[in-house]
Amino acid sequence: MTAILKIENLVKRFGGLVATDHVSLEVMPGEIHALIGPNGAGKSTLINQLCGELQPNEGAIHLAGRDITHLPVPARVDLGLGRTFQITSLLDEMTVRDNIGMAVQVREGGNFRIWDALRRRRAIWDETDRLLAGCQLADRADVVVADLSHGEKKQLELLVAMAMQPRLLLLDEPMAGLGHLESQQMIGMLRDIRKEAAILLVEHDMEAVFALADRISVLVYGRIIAQGSVDEIRNDPAVREAYLGAEDELC
Amino acid sequence: MNRRILAAVLLVILAALPFIAQATGQSALLSLASRILIYGMAAASLNFVLGYGGMVSFGHAAFFGIGGYVVGVLYHHADTETLFWGFIPGTTQMLITLPAAILVSGAFAAIIGALSLRTGGVQFIMITLAFAQMLFFLFVSLKTYGGEDGIIVRRTNELPFLNTRDRAVMYWVVLAITVAFALGLRRLTKSSFGTVISGIRQNERRMAALGIPAYRYKLFAFILSGMGAGLAGALMVNVLRFASPDMMHWTKSGELMIMVILGGVGTLVGPFLGAAALLSLESVLASWSEHWPLAMGLILLVVVLGTKGGLMALVTRLTGGRK
Ligand SMILES: Nc1ncnc2c1ncn2[C@@H]1O[C@H](COP(=O)(O)OP(=O)(O)O)[C@@H](O)[C@H]1O
Ligand SMILES: [Mg+2]
């Protein structure tokens, strides 16, 4: 089985700071690969290089066997890459439904049409309503994003990403700032999603990581210091010393 | 829907305006109304990139002027029975001049947009301004076409079955085109493309993450907008029977922008309201005092600061509708 995502010796420098220091990792199809590490370890920087917002200084990124290191963001999306933002980034003037609809619309294409009526593209709205049905946000469908709570925005980020039907999903701290109940709901959502897409999960919440991850990579000062299954990471002395012991003061 | 009734009443009044003007002896009314409709279209075109697309173009007078010059230049060659670039004959047929104006201004918008849209923010404002000024000086230097004096178009373009030299008929032609334009623009904003453009304005980073390469969408919007402004310019030259470089001067771009902001950014009707307010005020104030620009500035300030969203926001509040 070939990896859906393969990162080789990726390096990113900000002036003197090496934010990504020869990082290599793989995500297999169907796998949730968690990336943990303290604040400032370089997790978001790595995600931003994977999705194409930042150019690495060295190394290569392969998506399903294709070198995407130098492709712009939208081209990577076309190849099946989806992401969520750590600080939610949505279409604030539009409703929940319209945000999901936009993701479906972009995927369906035909967006240079100036003479159609978007509201009449049934296929888009049927699929949007299907995605919304049964999830917490369903009865908030017509609320404008600017009026959503933080937790709702986080959920919408994930729904929008799923509407893109990606093969690989990059999740940057989907639980950050959520209450306990909301976190549990989010874990439930991620469990469902894993059937449809491989996930690289950056997360603070150790409980969530241990509940969801198949494999874990530990990033400290831009470098991966350990990689392995949940149990291996839990019991890795280097990781424990680095911070697991330090009262879950992780990310 | 009291909005629909409002629109219908307005349309009836506009259609009856030539009779009203005649009955009251206010012949200037007709030319003012024509100019309002035409500037309204130009401002609405600017508003499509500015209000819907978030691209602050400070050079839209360029396309307005190009559209006007297409009519002027084609008239000049028809009049002198010469060929443009040695192979294009002139014409005074509106069914040819208007589409030609739309195509040529679209081509200019494609070139200017392709270069300007590589930048953003203040740089974009400055570059579009610079391109418009370049065209302004180019036309000032074109002695064949009257240099800074421009081209006097002695005859309004002809239409089959209609006597466009009759000012009332020409007004109705402008009105009909404006209505078609407004309906088309409304459709555009609700289309697949229009929605993507609005998404790009709200959050370009999000749209990229959804798979939208913003540049080509913005460029297409810019071209459409340039075409609209070109159409307006072509009509203006027909109404004023005069094309001059002043149509592309940066102050004209400024005026269009004021109309948009005054009327309501990102609304369909706002730019038309803005054009009506600005041009009416101008003609009233100018007859009162030579210091009218000062009074105008103060009024603009009050409206923009007082309404938060321009005249359109005011109308919406008064008619009790939602945005
Ligand atoms: N654009 C940037 N320019 C300079 N330094 C940056 C930039 N982005 C991130 N950094 C630095 O890189 C390091 C890693 O940041 P980040 O990837 O956000 O960490 P994490 O997401 O793991 O908390 C931090 O020291 C941060 O200050
Ligand atoms: Mg981060």
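The values are calculated or read from the model by the stated rules, or taken from the named source; none is laboratory data. Everything numeric in this text was worked out from a predicted model, so none of it was measured. Note that each Cβ is placed from the backbone with ideal geometry, even for glycine, and that neighbours are counted across all protein chains shown. Just so you know, the surface numbers come from the protein's heavy atoms only, side chains and all, with ligands and any DNA or RNA stripped out. Shrake-Rupley method; radii C 1.70, N 1.55, O 1.52, S 1.80 Å.
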Along region A:164-181, what does the Karplus equation 6.51 cos²θ - 1.76 cosθ + 1.60 (θ = phi - 60°) give for ³J(HN,Hα), rounded to whole Hz, x for Gly and Pro?
7, 6, x, 8, 9, 10, 9, 10, 9, 6, x, 9, 4, x, 8, x, 4, 5
Cα-Cα P(r), region B:3-319, percent of pairs per 20 Å interval:
32, 59, 9, 0
Students often check this: by mean Cβ neighbours within 10 Å, which of B:97-108, A:186-197 ranks highest, and how do the rest follow?
B:97-108, A:186-197
Please sort through the DSSP H helices of chain B and keep those with an alpha-carbon extent of at least 15 Å along the long axis and a Kyte-Doolittle average not below -1.0.
B:2-24, B:27-47, B:61-80, B:94-116, B:121-141, B:167-189, B:192-202, B:214-240, B:250-263, B:270-288, B:292-307
Summing both sides, how much accessible area is buried between A and B? Use a 1.4 Å probe and give Å² to the nearest 100.
2600 Å²
Amide H neighbours of A:V220 under 5 Å, at least 5 residues apart or on other chains, H built in the peptide plane: list them.
A:I225
Round to a whole angstrom and tell me the spacing of the C-alpha centers of region B:8-54 and region A:161-192.
52 Å
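Sorted by mean Cβ packing within 10 Å, highest first, what order do the peptides B:3-12, B:167-176, A:141-150, A:155-164 take? Working shown, then result.
Working: B:3-12: 11.2, B:167-176: 18.2, A:141-150: 14.5, A:155-164: 23.1.
For the peptides B:3-12, B:167-176, A:141-150, A:155-164, the packing ranking is A:155-164, B:167-176, A:141-150, B:3-12.
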According to the Kirkwood expression over distinct Cα-Cα pairs, how big is the hydrodynamic radius of chain A, in Å?
18.9 Å
Leaving ligands, DNA and RNA out of it, report the carbon-plus-sulfur percent of the accessible area of chain B at a 1.4 Å probe.
69 percent
Determine the shielding of peptide A:107-117 by partner chains: average, over its residues, the number of Cβ atoms on other chains within 10 angstrom of each Cβ.
5
Taking chain A and counting helices only, DSSP H stretches of n ≥ 4 at -39,500 (n - 2.57) each over all residues, the nearest-500 ellipticity at 222 nm comes to -9500 deg cm²/dmol
For every other residue with a beta carbon closer than 13 angstrom to the beta carbon of A:D214, add +1 if it is Lys or Arg and -1 if Asp or Glu, then tell me the sum.
-1
Angle in degrees between helix A:96-108 and the longest Cα principal axis of chain A, rounded to the nearest 10
90 degrees
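Per residue of A:86-93, count partner chain C-beta atoms within 10 Å of its C-beta, then hand back the mean as an integer.
The per-residue average across the peptide is 4.
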Under a straight-distance cross-link criterion of Cα-Cα below 15 Å, which aspartates and glutamates are reachable from A:K12, leaving out those fewer than 8 residues away in the same chain?
A:D21, A:E53, A:E58
When ranked by the protection proxy of mean other Cβ atoms within 10 Å per residue, highest first, what sequence do the peptides B:15-26, B:277-288 form?
B:277-288, B:15-26
Estimated [θ] at 222 nm from DSSP helical runs (n ≥ 4, -39500 (n - 2.57)) normalised by residues in chain B, nearest 500:
-24500 deg cm²/dmol
Rounded to the nearest 10 degrees, what's the angle between the helix A:122-132 long axis and the longest principal axis of chain A, both from Cα atoms, 0 to 90?
50 degrees
With the other protein chains left in place, how much accessible area per residue, in square angstrom, belongs to chain A at a 1.4 angstrom probe?
44 Å²
Hey, got the average number of other protein chain Cβ atoms within 10 angstrom for residues in B:185-193?
5
Roughly how many Å is it from the Cα centre of region A:1-47 to that of region B:152-228, as a whole number?
46 Å
